[in-house]
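Following: one structure in structure tokens, then a few remarks.
The numbers here are math on the coordinates, done by the rules we state, and not lab data. Quick caveat, the model's predicted, so the values are computed rather than measured. As a convention, Cβ positions derive from the backbone with ideal geometry for all residues, glycine included, and neighbour counts pool all protein chains shown.
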Amino acid sequence: MVYTLVALGILQALQVSPMGSQGTQQYLLYNIILLILWFGVFPWFYETFQLWRYQSQVSSFLNRLRLSMNNNITQVLDFISSKVNEDKRLIEGRIRDLMEMVIIEPTSMEPEGLVRKYKALINSYNDRLEKDVSRLIPAISSSRPIIQNFTNVVDVLRELNFIYKVIDHYYRLAMKYKSYYLLIQLAAILPLLKEEIDALNGSVPVFLKGQPIGDSAGPLTVFRFKNLCSDLKPVSDSVKDTYIASCNFKGRKIYLVKAEGPGGTVGHLDDAIRYIYENINARPRLMITIDAALKLEGEESGSIAEGLGVAMGGIGVEKFNIESIATKYDTPIYAILVKMSMPEALNAMTKVIDEAVNKVVERLGKVIDSYSEPNDEVIIVGVGNTIGVAQ
């Protein structure tokens, strides 16, 4: 293509004036140089400039992420220093070791029993992390809510560290092989990652203080709904980190299930529901799950959506177990979702989300009226992190 254009330029120059004149030769030379610059040199400079621009964007992103991680670790060290008297460098080393903890997924070559493997792996991880945090801050090992809140902080630091290492890996590969298109892909996802990282950074002081977050909408709904009930009774504390209670509402027997607060935990909701069916021998007419859901850009924060199915995120272990139990006993599952952005889900609960929870409580009453009869049993499950929300 370049050679064709050069040839056309030469032919055009020859038609301007008689062949051999000095003006023709100068004009021809000028056009040849211009074409070489335009189609040979300028594209190279443009690609080099773009490479530098994308390199600068990714490099700046990594530097900011590194600084934010160090700032978060400093906040954690200040929190620990207010509780115990230990060498900060030693504690920082332990925290960084926890940030590097690796979870190896079970093999899926034989899918039978895969969910049970994941369940065992998650339980082992949670137990191990709580024990490590207790050893890290022995002075508060007796205060389980603080330990649970701190494990949430460690999870945030692990997530930030993982994002940093992955982006840094591909950035180094792009620079090693001068891969222009790999840098473009990295630069393209930076705005999405920035929103997630800002949300994670903002959650660290919130978890350290034990404040309710947007993801606490489900547990907070259960907490407020029980005030509308009568004859409230705790059912059992045999399910770890999970609150189970029964009450009466408009002639229905309601089973309330949520993570046990006010520490930062999501509980074991599937085990609690299995306990209600198999140990209490309840046969609910309806199961209602309430959870926070990430909104789309065009949706308003605090908007509410209703539907069918288990409203629950995560890797799907508890969701699978709840679906299996409900299918076995032929219980329909109703879902209520509170829409919010990721920063709203991980940061301190906003007024908009708090008001949405009150609306969900009202909707719960209408759903129970519409889809159940007096003397029926109903399960209400508040899904989410119950940090800052008591029973």
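Alpha-carbon geometry of segment 321-360: the Rg and the Dmax are 14.8, 40 Å, given in that order.
In plain terms, the bigger the Kirkwood radius, the slower the diffusion; for segment 160-307, with that radius from Cα pairs, at 10 °C and 1.306 mPa s, Stokes-Einstein puts D at 83 µm²/s. Restricting the calculation to Cα atoms, segment 286-391 shows an Rg/Rh of 0.97 when the hydrodynamic-style radius is the Kirkwood one. Computed over the chain with a Gaussian network model linking Cα atoms closer than 10 Å, the most mobile of 71, 85, 149 is 85. Note on residue 77 and residue 188: the extension gain reaches 36.5 nm, defined as 0.36 nm multiplied by sequence separation minus the Cα-Cα distance. A full extension of the chain between residue 376 and residue 97 corresponds to an added length of 95.3 nm, given 0.36 nm per residue minus the alpha carbon distance. What you get for segment 81-234, charging only the Cβ of Lys and Arg (+1) and of Asp and Glu (-1), is a dipole of about 220 debye around the Cα centre. Partner aspartates and glutamates whose Cα lies under 18 Å from the Cα of residue 88, excluding those fewer than 8 positions away in the same chain, are identified as 78, 97, 132. For segment 350-391, the Kirkwood hydrodynamic radius from C-alpha pairs, put into Stokes-Einstein at 25 °C and a viscosity of 0.890 mPa s, yields a diffusion coefficient of 199 µm² per second. For the charge dipole of segment 229-300, defined by +1 on Lys and Arg C-beta atoms and -1 on Asp and Glu C-beta atoms about the Cα centroid, which residue among 280, 243, 298 has the Cα displaced farthest towards the positive pole? Farthest along the dipole direction, towards plus: 280.
With each label modelled as a point 7 angstrom along the Cα→C-beta vector, the residue 179-residue 306 pair spans 5.0 nm.
Taking a temperature of 10 °C and a viscosity of 1.306 mPa s, what whole-number D in µm²/s does Stokes-Einstein yield for segment 153-210 with Rh from Kirkwood over alpha carbon pairs? Write out the running numbers ahead of the final one.
Details: Rh = 12.6 Å.
Translational D for this selection: 126 µm²/s.
For the chain, modelled as a GNM whose springs connect Cα atoms under 10 angstrom apart, the maximal fluctuation among 356, 345, 292 occurs at 356.
Other residues lying with their Cβ under 15 Å from the Cβ of residue 229 contribute a combined charge of +2, Lys and Arg counting +1, Asp and Glu -1.
The P(r) of segment 179-224 has a tail past 15 Å containing 63 percent of all C-alpha pairs.
Pick from 65, 90, 208: which is most flexible by mean-square fluctuation in a GNM of the chain where alpha carbon atoms under 10 Å apart are linked? Per the Cα network of the chain with a 10 Å cutoff, 90 tops the list. Evaluated with a Cβ-only charge set (Lys, Arg +1; Asp, Glu -1), the chain carries a dipole of roughly 540 debye about its Cα centre, given to the nearest 20. Among beta bridges identified by DSSP and lying wholly in the chain, the antiparallel ones come to about 50 percent.
Quick check on packing: order 333-340, 240-247, 155-162 by the mean number of other C-beta atoms within 10 Å, highest mean leading.
Working: 333-340: 23.1, 240-247: 20.6, 155-162: 18.4.
Result, highest mean first: 333-340, 240-247, 155-162.
Ignoring lysines fewer than eight residues from residue 165 along the same chain, the ones with Cα atoms less than 19 angstrom from its Cα are 176, 194.
When the helices of the chain are scored as -39500 (n - 2.57) per DSSP H run of n ≥ 4 and the total is divided over every residue, the value at 222 nm lands at -19500 deg cm²/dmol. The charge dipole of segment 225-302, taken about its Cα centre with unit charges on the Cβ atoms of Lys, Arg (+1), Asp and Glu (-1) only, comes to about 560 debye.
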